[in-house]
Amino acid sequence: MTISLQRFEQLLDAYGASPQRWPAHERVAALQLLEQSPQAVQLMQHALWLDQQLDQLSAPDFLQLGSQILQQPLPARRKSLIEQLLAWLLPLQQHSAAVFWRPAALACVPLMLGLVLGNQLDFYSDAYADELYSDELEETELDLISLADYSEIL
Amino acid sequence: MTAIADGNQRVYADAVRQHSRAIGFYAFRMLGNKDSAEDIAQETFLRLWTHADKWQSDKASMSTWLHRIAHNLCIDSMRKDRSSQTVELEDEIPDQRHDIEQQQEWDERQQRLQSALMALPERQRSAIVLTHYQGLGNQAVASIMDLSVDALESLLSRSRRALRTMLAELQDPERYKQTLSHLSNDKQAGHAGPGEQT
């Protein structure tokens, strides 16, 4: 791969004179151009000046910042319902009996729910049968009345 | 990071020790103020603790993710409080020169360098700080700033050009003051800055 002098200038304009800051895939080609082209060397020196200026800017050392951050109290983490359920279901203590009985208990929940619902909902209760029977009687009675009416007209 | 999301404070403490100074440096270069930089760093790590589950390891390294949080916090802070551009260097830079005259000269130079950096529009400043001072790669910086690599290069070029102009004028204080004042007027008028496109 090779790069043009124009691209080399763009690299210097954007990233400065330190090859470490150049894009990795263009670095080797840019260094090769630098070895071959006196114009590239001149451009490099121009870019180096700004880097040297910028490097002079100092900053506080922030040596205590890490411990300051660690001293501040951390807020309680709010877990979602699913996370809470999973944490209860699969406790971290591997040797705890809860590892076995909790999933088993959870698996029994649908079964228990089915039994309770089955007992509560009686689809063939006497009241329902009576209701059905009274509806049938009513219909029969209506049919008879209507037949009687027709016979009178005829 | 999964461990931090699970509430592991030991792993969180390791992350703080490993990255806190870098985040402090970044915030300081952006805000020019040590106290504000420390506040930003503290808030960044608080967000690491509370939002660790949102980090996607396939998209960004932890350093990149933390810089992204800090970048957004710095931009918010600068927009809320323009006074953050006040440069406070006197008590913060460790003494490196003992000779008073040299010290004064050094302080003055630091002040001007910092002022030149602070005179850049926010995004140009962030781009130059992330690449030059934080040593992050172009892909990482582009990801932090939500830019394409091409757009980042363009932003960096404008940033370096503006800095070159200002720093060249360090030799000529009057011309330097005029440039700073021109940049400051541009910002107040709502312009994006020298060559900055929004």
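The values are calculated or read from the model by the stated rules, or taken from the named source; none is laboratory data. Treat the numbers as computed from the prediction; the structure is a model and nothing was measured. We place every Cβ from the backbone using ideal geometry, glycine too, and count neighbours over all the protein chains shown. All accessible areas refer to the heavy atoms of the entire protein, side chains included, with ligands and DNA or RNA removed. Shrake-Rupley method; radii C 1.70, N 1.55, O 1.52, S 1.80 Å.
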Subject >> Residue satisfying all of: in the range B:16-31; of a type outside the set (Ser, Thr, Tyr) and more than 13 Å from B:TYR133 (Cβ to Cβ); surrounded by the most Cβ atoms within 10 Å (Cβ to Cβ) among these >> reply: B:LEU31
Subject >> Conditions (1) assigned to a loop (DSSP other than H, G, I, E, B); (2) out of contact with any helix residue (DSSP H, G or I) (no Cβ under 6 Å at 6 or more places or on another chain); (3) modelled with pLDDT of 90 or more; number of the one not met by A:GLN93 >> reply: (3)
Original post:
For the range B:132-198, which helices (runs of 4 or more DSSP H) that fit wholly inside it have 2 or more residues that are at pLDDT 90 or above and not assigned by TED's automatic domain parsing to the domain that holds B:CYS74?
Top reply: B:138-144, B:149-168
**OP:** Just give me the residues in the range B:2-18 being facing chain A (nearest Cβ under 9 Å) and assigned to a helix (DSSP H, G or I), in sequence order.
**Re:** B:ALA5, B:GLN9, B:TYR12, B:ALA13, B:VAL16, B:ARG17, B:GLN18
Subject >> Cβ pairs under 9 Å, 6+ apart, first in the range A:1-23 and within 17 Å of A:LEU48 (Cα to Cα), second β-branched (Val, Ile, Thr) and assigned to a loop (DSSP other than H, G, I, E, B) >> reply: A:LEU11/A:ILE3
Original post:
Within the range A:50-66, how many residues turn out to be surrounded by 14 or more Cβ atoms within 10 Å (Cβ to Cβ) and closer than 17 Å to B:THR165 by Cβ?
Top reply: 5
Original post:
Only one residue in B:HIS71, B:HIS51 is in contact with a helix residue (DSSP H, G or I) (Cβ under 6 Å, 6 or more places away or on another chain) and either open to solvent by less than 40 Å² (accessible area, probe 1.4 Å) or part of a helix (DSSP H, G or I) (or both), so which one is that?
Top reply: B:HIS71
Original post:
Of (1) assigned to a loop (DSSP other than H, G, I, E, B); (2) more than 10 Å from chain B (Cβ to nearest Cβ), A:LEU57 satisfies all except one. Which?
Top reply: (2)
